[in-house]
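The values are calculated or read from the model by the stated rules, or taken from the named source; none is laboratory data. Predicted model only: the values in this text are computed from it and were never measured. Reconstructed Cβ throughout: ideal geometry from the backbone, glycine too, with neighbour counts over all protein chains shown.
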Amino acid sequence: MILKDNYNGALQKPIHSGFGATSTVQDVIKGIDLTGKTVIVTGGYAGIGLETVKAFVTAGAKVTIPARDIHKAAGNLKGVNNVTIEEMDLMDPGSINTFAKKFLAANDTLHILVNNAGIMWVPLQRDKRGYESQLSTNHLGHFQLTALLWPALKKARDARVINVSSYGHQMAPFNFDDPNFTNRGYETLQGYGQSKTANNLFTVELDHRGQAVGVRAFSVHPGSVIGTDLGRVAPMALFQQMGTHDENGNIFPEVAAKLKNIAQGAATSVWCATSPRLNGIGGVYCENAEVAELDEGNIEHNYNDPLSLRGVKPYSVDAENAKKLWVLSEEMTDVAFPAN
């Protein structure tokens, strides 16, 4: 078998999936049977995570949702069958260990892992190790979780790991010299951007290491989605800076009209997790239920037009960066992850 990976964007080309920006989870899950499949979705109790869980359950899967807020999760998932809620905080390594141990005691196989939970544009916060919160939550916690669940992913023999990234990776490459803003002033957009770049680099290297044992990885830009609470703590000045909101803090109607709804926002995660069109492909950054283009300065971006916010930067699929981040992530989490 010839193994192919996405080092340096080698596979980063659209495959003509037949879907697009307006496609919904219902569109991409049509005809997919997940009966007997075991799935984990972090943050699967709000926003696009909740919509992702509902799609998997509808297709027959059994889904476990690790949640920081058990009560909120129970309320939001009321009436959804075949789900199990367990406590876990991505900024607390001990809670990740506890969750993984409990899951593996009850399940020896994991077919789909969606690393969906995340925080965005928060003020400077640090976990108990001193790590910046967006990096800790969006990347390091998911790196640790994936490493601990690796035996179950391998046993599936045809597993997929989905890392929910963002166009926000274009805000910053990964800063290997000072990832935790120890020696530089904190800028929340830089912190968010590097955490999303980390998601992409993790995907590239995870797929490179995992495909020989039947595990493929994908990173996802959900699109600009209305109705989520992801940006709930971001100062309005940031949105005004990007030109999406007026001086009174109201989103411009012409911008709102172009945003995705939640069912559209969850479509790419579900497509990456289930589509047979992606068999033999991995390590790629996807958007609009399609493999994204490599953005080498050839794409014009305009925050007033969310559909123009597309493409993946070469630095976030760079082979050397991906290898370097893997080693750093092992050191920062104190978790060995040979992935073989």
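Table: residues versus (1) of a type in the set (A, V, I, L, M); (2) within 21 Å of TRP271 (Cα to Cα).
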| position | (1), (2) |
| --- | --- |
| ASN107 | no, no |
| GLN125 | no, no |
| TYR131 | no, no |
| SER136 | no, no |
| PHE143 | no, no |
| SER165 | no, yes |
| MET171 | yes, no |
| ASN175 | no, no |
Quiz prompt | Subset of segment 112-128 (residues that are surrounded by fewer than 18 Cβ atoms within 10 Å (Cβ to Cβ) and within 18 Å of ALA100 (Cβ to Cβ)) | solution = none
Practice problem: State all residues of segment 1-23 that are among the aliphatic types (A, V, I, L, M), surrounded by 14 or more Cβ atoms within 10 Å (Cβ to Cβ) and touching a residue at least 40 places away in the same chain (Cβ under 8 Å); if no residue qualifies, say none. | Solution: LEU11, ILE15, ALA21
Quiz item: So which helices (runs of 4 or more DSSP H) stay within segment 181-294 end to end and still have 2 or more residues that are modelled with pLDDT of 95 or more and surrounded by 14 or more Cβ atoms within 10 Å (Cβ to Cβ)?
Solution: 188-210, 262-265, 267-274
Quiz item: How about segment 154-168: which of its residues are buried (at least 24 other Cβ atoms within 10 Å of the Cβ) and closer than 27 Å to VAL213 by Cβ?
Solution: ALA159, ARG160, VAL161, ILE162, ASN163, VAL164, SER165
Self-check item: Test: VAL327 is in contact with a Gly (Cβ under 7 Å, 6 or more places away or on another chain), aliphatic (A, V, I, L, M) and modelled with pLDDT of 95 or more
Solution: no
Quiz item: Quick check: anything in segment 311-327 surrounded by 23 or more Cβ atoms within 10 Å (Cβ to Cβ), in contact with a Ser or Thr (Cβ under 7 Å, 6 or more places away or on another chain) and touching a residue at least 60 places away in the same chain (Cβ under 8 Å)?
Solution: yes
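Residues ALA61, ALA67: which one is among the small types (Gly, Ala, Ser), crowded, with 24+ Cβ neighbours inside 10 Å and farther than 24 Å from VAL213 by Cβ?
It is ALA67.
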